[in-house]
Amino acid sequence: MSDAPEKKKQRKWLRRLVLTFLVGLFLLGVIFMALQTPPAKRFMAARINAVLASSLPWPGEITGIGGFLPFIITVDNFRLGEAEDPWFSLHDVSLNTNLLPLIGGQISVERLAAGEVTLHRLPPPSEEAPEPAAPFSLPTIDDLPTWIRLGALQLDRVAIGEAVAGEAVAFSVVGGYRPEEEKALSVEIQGLDG
């Protein structure tokens, strides 16, 4: 007879645990569904723009966040610099992610694509005194982080303005970075006319 109150107590705690799990699952579902609404996406863009404004020495703006968040994120436009005269801009950006590797401390981007990436000119100098720069050198494969994976990179048009390169150049970039493979980094650059 002494087992009956103990079993009753265990069932009560089990019910509470199951109910807590179900309520948590329901709340996650509500949050997930809320992320898919236009007001939530506008709110996210506004928050990102606020962070850009407070952390960059020049103006920046992101517009048109869409997609099936947080797995597929699309951005219509991103710019750095004044709206009428940006020095850097991205158009038609798409980011497909795999969130499961986050559990193991890995970032996995299945696909990163952009319709157009433009470096119109170099950024204006910041008002802070620059620290002495080390000579520029490209990173080696050993310098690249192993906790990031980029399945596919596709930049349809990368344009570098005359103010940066001496003459306007345009090219496309296709590649990826998979540190678990023997040939971890692959990049193909193809020149474009105009």
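How many of the residues making up region 137-161 are open to solvent by 90 Å² or more (accessible area, probe 1.4 Å) and closer than 24 Å to residue 113 by Cα?
Here is the first cut: in region 137-161, the residues open to solvent by 90 Å² or more (accessible area, probe 1.4 Å) are 138, 142-143, 146-147.
Narrowing the set further to residues that are closer than 24 Å to residue 113 by Cα leaves 138, 143, 146-147.
Within region 137-161, residues that are open to solvent by 90 Å² or more (accessible area, probe 1.4 Å) and closer than 24 Å to residue 113 by Cα number 4.
Say we look at region 82-105 and pick out the residues that are part of a strand (DSSP E or B) and over 18 Å from residue 153 (Cα atoms); which of these is nearest to the chain's Cα centre (by Cα)? Give the steps one after another, and end with the answer.
Here is the first cut: in region 82-105, the ones part of a strand (DSSP E or B) are 82, 85-98.
Narrowing the set further to residues that are over 18 Å from residue 153 (Cα atoms) leaves 82, 85-88.
Working: 82: 22, 85: 24, 86: 21, 87: 20, 88: 17 Å.
Across region 82-105, the extreme among qualifying residues is 88.
The residues of region 36-81 that are under 22 Å from residue 113 (Cβ atoms), open to solvent by 50 Å² or more (accessible area, probe 1.4 Å) and in a helix (DSSP H, G or I), listed by number, are 44, 48.
Residue 184 meets the stated requirement of being open to solvent by less than 60 Å² (accessible area, probe 1.4 Å) and farther than 26 Å from residue 63 by Cα.
Please state which one of 134, 168 is free of Cβ contacts under 8 Å to residues at least 12 places away in the same chain, open to solvent by less than 100 Å² (accessible area, probe 1.4 Å), within 19 Å of residue 89 (Cα to Cα) and more than 24 Å from the chain's Cα centre (by Cα).
Going through 134, 168 in turn, the sole match is 168.
A Cβ distance below 6 Å, combined with a sequence gap of six or more or placement on separate chains, defines the contacts here; from region 108-127, residues that are closer than 19 Å to residue 159 by Cα reach residues that are assigned to a strand (DSSP E or B) and among the basic types (Lys, Arg) in the pairs 116/157. Six or more apart or on different chains, Cβ under 7 Å: which pairs go from a residue in region 74-88 that's free of Cβ contacts under 8 Å to residues at least 40 places away in the same chain to one that's hydroxyl-bearing (Ser, Thr, Tyr) and open to solvent by 40 Å² or more (accessible area, probe 1.4 Å)? Could you list them? Cβ pairs passing all conditions: 76/63; 77/63. Residue 96 falls short on exactly one of the conditions (1) in contact with a Ser or Thr (Cβ under 9 Å, 6 or more places away or on another chain); (2) more than 24 Å from residue 59 (Cβ to Cβ), and that condition is (1). Look at residue 188 and say whether it is acidic (Asp, Glu) and out of contact with any Leu (no Cβ under 8 Å at 6 or more places or on another chain). Yes.
The values are calculated or read from the model by the stated rules, or taken from the named source; none is laboratory data. Here the structure is a predicted model, which is why all the values come from computation and not from measurement. Don't worry about glycine lacking a Cβ; one is built from the backbone with ideal geometry, like all the others, and counts go over all protein chains shown. In case anyone asks, the SASA skips ligands and DNA or RNA and just uses the protein heavy atoms, side chains included. Shrake-Rupley method; radii C 1.70, N 1.55, O 1.52, S 1.80 Å.
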